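A.B. asks: Pasting a structure below so you can have a look.
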Amino acid sequence: HRDPSVFENPRRFNPERWLKADVQDYEYVPFSGGPRQCPGQLFALNNLRVSLAAIVSRFAVDLVPGHRVDRTYSAVTRPKRDVAVSLRRQDGKFAAAIAPGSAADLFDRP
């Protein structure tokens, strides 16, 4: 990840670079691969899940007003596109989020 022919200013901490990166095979390999892959890979991936759970328990996740959530099906129901959300400090008041759209959008009705 320090190859200047792939990444501009490769030694600078710049997480935004991944928003516009067009990464090819073997240009982003955080855990390596094959028989010499990182032995801590599963620990790191599970740590991400724990971190996400901690964030969600401390912040309310709200849909961005006016954002439509269209669904599709590929073994499980999932959004067709990214879902725009905002985070705000949790106030202890939980409410159901209203998402435009309906499960009926998933199939043709007679």
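Read-outs throughout are calculated quantities, based only on the coordinates presented, and are distinct from any laboratory measurement. A quick note: this is a predicted structure, and the numbers were derived from the prediction, not measured. Cβ sites come from the backbone with ideal geometry, for glycine too, and all protein chains shown count toward neighbours.
A.B. asks: Give the residue list of chymotrypsin sites (Phe, Trp or Tyr not before Pro) in the range 46-94 that are DSSP loop and have at most 15 other beta-carbon atoms within 10 angstrom. Don't skip to the end; give the middle numbers.
C.D. replies: Working: sites: Phe59, Tyr73, Phe94; in loops: Phe94.
Listed in order of number, the matching sites are Phe94.
A.B. asks: Follow-up question, since we're still on this one. Estimate the FRET efficiency between Ser32 and Ala53 by the formula 1/(1 + (r/R0)^6), using the beta-carbon distance for r and 25 Å for R0, to the nearest 0.05. Write down the numbers at each step before the final one.
C.D. replies: On the way: r = 27 Å, r/R0 = 1.07.
Calculated value: 0.40.
A.B. asks: For the range 1-25 and the range 44-71, what is the separation of their Cα centres, given in Å?
C.D. replies: 25
A.B. asks: Report the trypsin sites (Lys or Arg not before Pro) located in the range 1-47 that are in a DSSP loop and have at most 15 other Cβ atoms inside 10 Å of their Cβ, or state none. Please list the in-between numbers first.
C.D. replies: Numbers: sites: Arg2, Arg11, Arg12, Arg17, Lys20, Arg36; in loops: Arg2, Arg11, Arg12.
Here the sparse-neighbourhood loop sites are Arg2, Arg11, Arg12.
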